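The structure under discussion appears below in the form of structure tokens.
The values are calculated or read from the model by the stated rules, or taken from the named source; none is laboratory data. The model shown is predicted, which means the values in this text are computed figures rather than measured ones. Please note: Cβ atoms are built from the backbone with ideal geometry, for glycine as well, and neighbour counts cover all protein chains shown. Side chains included, ligands, DNA and RNA excluded: accessible areas come from the protein's heavy atoms. Shrake-Rupley method; radii C 1.70, N 1.55, O 1.52, S 1.80 Å.
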Amino acid sequence: FGLTFAVRPSDGLAAYQGSAGDFDWSGYAGTSFWVDPKEEIVAVFMVQSGGPIRAYHRNLFRQLVYAAVTD
């Protein structure tokens, strides 16, 4: 984490998809956003969900966004 954001310093094994240089923030109630400069993505996810299901929703949203990216 740097300046209250999670920052991915390099490619490699990670818990979720992304590129080197991306950064994100996740709120307590399920909200989140991330920026992936390499793929030119800015995503905002506004949801309120409690418990472990919120991590599932965040990861699903991220997977769907990256699945929609085409070259």
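Details
- Single residue of segment 9-46 satisfying the filter (assigned to a loop (DSSP other than H, G, I, E, B) and aromatic (Phe, Trp, Tyr)) that is surrounded by the most Cβ atoms within 10 Å (Cβ to Cβ): 16
- The set of residues in segment 16-53 being modelled with pLDDT under 90, farther than 15 Å from residue 6 by Cα and touching a strand residue (DSSP E or B) at 6+ places or on another chain (Cβ under 9 Å) consists of 30 alone.
- Positions within segment 1-43 being among the β-branched types (Val, Ile, Thr) and free of Cβ contacts under 8 Å to residues at least 12 places away in the same chain, in sequence order: 42
- Qualifying positions in segment 58-71 - surrounded by fewer than 14 Cβ atoms within 10 Å (Cβ to Cβ) and of a type in the set (Val, Ile, Thr): 69, 70
- So residue 55, is it of a type in the set (Gly, Ala, Ser), open to solvent by 40 Å² or more (accessible area, probe 1.4 Å) and not in a loop (DSSP other than H, G, I, E, B): yes
- Selection within segment 58-71 - in a loop (DSSP other than H, G, I, E, B) and either within 18 Å of residue 7 (Cα to Cα) or within 10 Å of the chain's Cα centre (by Cα) (or both): none
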